[in-house]
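Here is the structure we will look at, set down as structure tokens.
The values are calculated or read from the model by the stated rules, or taken from the named source; none is laboratory data. These numbers were taken from a predicted model, which means no experiment stands behind them. Positions of Cβ are backbone-derived with ideal geometry, glycine not excepted, and every protein chain shown enters the neighbour counts.
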Amino acid sequence: MMERSRIMNRFDNWQKPEIKEGQLTKYNWIVRHADKLVLGNRTDIGAFTYLNAKNGIEIQDNVQIGSHCSIYSVSTIDEKEGRVVLKKNCKIGSHSVIMPGITIGENAIVGAFSFVNKDVPDNVTAYGVPIKIKGK
């Protein structure tokens with residue numbers, strides 16, 4: 001219970017960061033197509049994370065994204081496109097890559113260094129290259 005209180009206190013004075021097209025935020029992450037990013041409350045996005053929101057990225061409340069992640073709503077390599085949705089309370093481990101058209105479920109945990117090329121359901125832990133569901 002003490003850990004939960006400490007985390008909530010960390011967000012007591014949370015404010016949405018100013019996001020400017022193609023420029024680092026004060027937390028050192030960057031967004032392309034910033035007008036198509038929907039950012040929920042009490043989000044935590046790690047330094048050096050890149051978001052390409054050309055086809056939309058929705059990050060719901062209380063989402064945590066580790067440092068050095070890449071989230072793509074478009075891929076020029078295989079021409080995939082699609083909105084990415086990170087649902088409430090999900091957590092994305094550092095250095096993970098999320099491909100276009102993916103939804104990460106509520107309370108889901110994606111382990112570090114994962115390649116997310118398929119949806120992750122609510123309330124599961126998943127990790128790997130490519131990602132595999134490992135448990136509830």
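List of remarks:
- Failed condition for T103, given (1) in contact with a Pro (Cβ under 7 Å, 6 or more places away or on another chain); (2) β-branched (V, I, T); (3) surrounded by fewer than 22 Cβ atoms within 10 Å (Cβ to Cβ): (1)
- Scan of region 63-79 for residues that are closer than 19 Å to T25 by Cα, free of Cβ contacts under 8 Å to residues at least 40 places away in the same chain and not hydroxyl-bearing (S, T, Y), ordered by number: V63, Q64, I65, H68, C69, I71
- Members of region 47-79 found to be at pLDDT 95 or above, part of a loop (DSSP other than H, G, I, E, B), of a type outside the set (S, T, N, Q) and more than 14 Å from I19 (Cβ to Cβ), listed by number: A47, F48, K54, G56, D61, V63, G66, H68, C69
- All told, V38 falls short of being farther than 21 Å from K20 by Cβ, free of Cβ contacts under 8 Å to residues at least 40 places away in the same chain, part of a strand (DSSP E or B) and β-branched (V, I, T).
- Residues located in region 77-93, provided they are polar (S, T, N, Q) and under 10 Å from the mean Cα position of the chain (by Cα): none
- Residues within region 86-136 that are in contact with a strand residue (DSSP E or B) (Cβ under 8 Å, 6 or more places away or on another chain), assigned to a loop (DSSP other than H, G, I, E, B), at pLDDT 95 or above and of a type in the set (K, R), tallied: 1
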